[in-house]
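Here is the structure we will look at, set down as structure tokens.
The values are calculated or read from the model by the stated rules, or taken from the named source; none is laboratory data. Small disclaimer: the values here were computed from a predicted structure and weren't measured. Neighbour counts are summed over all protein chains in view; Cβ atoms, including those assigned to glycine, are modelled from backbone coordinates with ideal geometry. Surface accessibility is based on the protein's heavy atoms, side chains included, excluding ligands, DNA and RNA. Shrake-Rupley method; radii C 1.70, N 1.55, O 1.52, S 1.80 Å.
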Amino acid sequence: MIRKISAAAGVTLAAALVLTACAPSSGLSGGGEATDGPADTGQTFKIGVLAPMTSWAGAIGVDMQQGWDMFLADQGQEIGSFKIETVWEDTASDPDTALTKARKLVQEDHVDLVIGPVLASEGLVVGDYLTQAGVVNLAMTAADDLTQRLASPMVIRTGSFTASQMSFPVGDWASKQGYKTAATICVDYAFGWESCGGFVSAFTAAGGTVTNQLWYPGDASDLSSYVSQLGSLDVDVIFVGSAGGTDSSNFFRTASDFGLLTKTPIVSNCCTTDQAILEDVGDIALGQISGSFYAEGNDDPVVAGFVEQYESKFGVLPSLYSFAVYSTGQMVYDVLGKASGKPTGQALADAIRGVDLGSTIIGSGSLDEYGNPVGPVFIRQVVKRADGKLVNAVIETYDDVSQFWTFDPKAYLANPPFSQEFQQQ
Amino acid sequence: MSGVFLLQQLLNGISFGALLFLIASGFTLVFGLMRISNLAHGAFYLVGAYLAVVTVAATHSFWLGLLVGAVAAAVVGLGLERGLLRRVRGREMPEVLLTVGVLFVIADLVLWIFGGDPKSVNSGNGAPSGALVIGDFTYPQYRLFIIGVTLVIGVALFLAQRYSKFGAIVRAGVDNREAASALGIDIDRVFTWVFVLGAALAGIAGAIGSGLLSLSPTSGTEMLLYAMVVVIVGGLGSITGAAVGAVLIGLIDAFTKVLFPEFAYFTIFAPMGLVLVFRPQGLFGRAA
């Protein structure tokens, strides 16, 4: 026991030594010894990033790191009078770990703001903690309530739209194609309820009728029962709200095998035709329609330039997460570039809320009073590029889409959040 | 509910059950003889599946992919048995911890090498693809192919266990390890071969399964879970039990999702729970 205590004391002592050893050096870089930067007045602005780098969502973390690397390479490590320092923490795709790492970023690294996390399960816990700690959180999750019923002055969703916000235009678009009846199949947890809720609300508001709604468990691997069921329905269109992982690959492959893809038109949420899925399922996804705030096949010069640069740098197309971390970086730099003193806490949050999204790769729009983007949502179609790669191209743009669609925010917020039972605003 | 739809659901249940059997058969074989809950079975699935994906992409031959997947899983199995498991033989806790450790290491290696994006064996490439159409009835050929392959493997395992000399030795080892080795059977060598066979079966399941269900580094744990459930329902160590358990769970899963969608979460685990309560040794297991 005593040995254990002395060992612990030893570790603490060692840690203290390391800390004191580090402290002067970071002080020096601000003291004038490091003179390589032109605008070096010595202020370090520390950004903590929470990303899943291991476990099931590990691929997202890699995308974010590459997006951020490219952002720093493009925009430099210095902005205005600030030197940017980034501290990465791995959430291991787990909410408890995400919270622990958020604490570490605040208490040990003393970061000025936190970007991330990405997963909905992590987002709400971390946002709550950072609000209490008074540290700005630039969230990247799609969980609706983060900027609705649980909105916080310190939390701003810069790296995503809400799940339902990306599906509203899909419902409206489907109705405009002349589809009168629809069935939906969505993953059975908040993200799926919200994706489906967005489609159902907008589709019915535009005059359509939703006849059947199927929900599959998040861990369901074989979707054949559901696909057989969808095949037996007589509807004009099917909406798919998948989690964007193996579930959407399995859906497309099964739907193709069962002849559903040629029988009934299918439209889907942001992630069902994600680049990673197209890579896996190949040509059977050609022509598929979906809605998102990002389209790697967008021919807008700014986005196309971003995609081209990313592709030549990393050899792969940028994912939604690479795009989102880049646009988040642009918002932070926009604020820091104009700041005289170092903005922190509420002042920083307020400044970020004022950023014009037209100055970022998102293209246009602003942040609403709840901290959520009001911006363009693209109706995308999977097409084949000249080099044979499948990409989501833009076929229609819905500008200034709000997280409340065309509904009144007050009435919207008085309603319960989307669930299996509540689907129609 | 139309007849066509009913038949589709029936085949959905049987084909998913067939895949479950492929995964569970190796697991139950190894447990029956060695009394090891080999949690690395999920890792063998991953090895077989990912190598099949790579091989098929490179050579455009499904059958070569299947072969490479099975052999690679067998080789990893051989290394695990000879190099690691042998050192902790007979000590249950170290065996379980060692195999689960191997599963984690291989799953993370897969994430590191292949990334976390979904992967699968592309359809075609010599494997049956497209749909079988008879009048109103449509059914994917690949699923029928899985049922066929599983029948062949299942019958072969059953016959080998019952009628071959190796089968007799294995059965002797299952019944009484000490007596078998007293009769001059090199039980250690039998262990190794059965373990390698189990790994190869998992590799085959991986190669075939990745044409049906997209792969990710977590597929290993998912499939391991299925294997364990099937084996608990069917009875540990029994091939017949694994076959019945797998088809039963496949059918319950397919029909519950349609008839009682609100119970979709329990389709796999409810049968297991019931069996554990009313017949803890499993449907075809022998009471301990």
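Annotations for the structure displayed:
- Probing with 1.4 Å while keeping every protein chain in the model, the per residue accessible area of segment A:259-400 equals 36 Å².
- A simple spin-label model places the labels of B:GLN141 and B:PHE263 3.7 nm from each other, with each point 7 Å out along Cα-to-Cβ.
- Taken as Cα centroids, segment A:329-367 and segment B:176-196 sit 71 Å apart, rounded to the nearest whole angstrom.
- Sorting A:266-272, B:14-20, B:140-146 by their mean Cβ neighbour count within 10 Å, with the most densely packed peptide first, gives A:266-272, B:14-20, B:140-146.
- Taking every Cα-Cα distance in segment B:91-248 and sorting them into 5 Å bins starting at zero, the pair-distance distribution P(r) comes out as 2, 7, 11, 17, 17, 17, 13, 8, 5, 2, 1, 0, 0 percent.
- For segment A:170-237 versus segment A:50-74, the gap between their alpha-carbon centres in whole angstrom: 32
- Legend: mean number of C-beta atoms from other chains within 10 angstrom of residue C-beta atoms, peptide A:310-319, equals 0.
- Shielding by partners for peptide B:110-123, expressed as the average number of C-beta atoms from other protein chains within 10 Å of each residue's C-beta, is 6.
- Counting only protein heavy atoms and a 1.4 Å probe, segment B:3-278 has 41 square angstrom of accessible area per residue.
- All C-alpha to C-alpha distances of segment A:83-183, sorted into 5 Å bins beginning at zero, yield P(r) values of 2, 12, 22, 20, 13, 8, 7, 5, 4, 3, 1, 0 percent in whole numbers.
- Residues of segment A:188-229 with amide N under 19 Å of a point placed 7 Å along Cα→Cβ from A:GLU396: A:196-210
- The solvent-accessible area of A:ASP96, taken with every protein chain present and a 1.4 Å probe, is close to 110 Å².
- FRET efficiency, 1/(1 + (r/R0)^6) with R0 41 Å, evaluated for B:LEU10 and B:PHE166 via beta carbons: 0.70
- Note that segment A:316-322 has calculated 3J(HN,Hα) couplings of 9, 6, x, 8, 3, 6, 5 Hz, one per residue in order, obtained from phi through the Karplus relation 6.51 cos²θ - 1.76 cosθ + 1.60 (θ = phi - 60°); glycine and proline are x.
- Shielding by other protein chains, B:251-263, mean Cβ within 10 Å: 3
- Restricting the calculation to Cα atoms, segment B:224-282 yields a radius of gyration followed by a Dmax of 11.1, 33 Å.
- Shown are B:ARG89, A:ARG380, whose ranking by accessible area with a 1.4 Å probe and every protein chain present, most to least, is B:ARG89, A:ARG380.
- A:SER366-A:LYS263 FRET efficiency (beta carbon distance; Förster radius 45 Å; 0.05 resolution): 0.60
- Take the accessible area of chain B alone and of chain A alone, subtract that of the pair, and you get about 2500 Å² summed over both chains, using a 1.4 Å probe.
- Per-q log10 I(q)/I(0), the protein assembly as shown, q = 0.05, 0.08 Å⁻¹ (Debye; single scatterer per alpha-carbon; no solvent): -0.28, -0.70
- The relative contact order of chain A, computed from alpha carbon pairs under 8 Å that lie at least 6 residues apart in sequence, is 15 percent.
- Set of lysines with alpha-carbon distance to A:LYS46 below 28 Å, sequence-local pairs under 8 removed: A:LYS83, A:LYS101, A:LYS104, A:LYS313, A:LYS338, A:LYS342
- Projected onto planes of every orientation and averaged, the convex hull of the alpha-carbon atoms in segment B:16-139 covers 9.4 nm².
- Note on chain A: helix-only mean residue ellipticity at 222 nm, from DSSP H runs of 4+ residues weighted -39500 (n - 2.57) and normalised by residue number, equals -14000 deg cm²/dmol.
- Percent accessible area from carbon and sulfur atoms, segment B:3-278, protein chains only, probe 1.4 Å: 71
- Label-point separation in nm, A:ALA133 to A:LYS104, each point 7 Å along Cα→Cβ: 1.2
- With the highest mean first, a sort of the peptides B:126-134, B:43-51 on other beta-carbon atoms found within 10 angstrom per residue produces B:43-51, B:126-134.
- Cα coordinate range in chain B, projected on the principal axes (Å, largest first): 62, 47, 35
- Expressed as a whole percent, the proportion of Cα-Cα pairs in chain A lying more than 34 Å apart is 32%.
- Here the extension length gained between B:ARG87 and B:ASN176 equals 29.9 nm, from 0.36 nm per residue of separation less the Cα-Cα distance.
- Charged side chains reduced to their Cβ positions (Lys and Arg at +1, Asp and Glu at -1) give segment B:3-278 a dipole of some 580 debye around its Cα centre.
- One quarter of the convex hull surface built on the alpha carbon atoms of segment A:146-275 amounts to 8.3 nm², the projected area averaged over directions.
- Assuming charge only on the beta carbon of Lys and Arg (+1) and of Asp and Glu (-1), the dipole of chain A about its Cα centre is about 500 debye to the nearest 20.
- Each residue, A:ASP219 and B:SER2, gets one label point 7 Å from its Cα in the Cβ direction; the gap between the two is 3.5 nm.
- Bins of 5 Å from zero: percent of alpha-carbon pairs in segment A:283-425: 2, 9, 15, 17, 16, 15, 13, 8, 4, 1, 0
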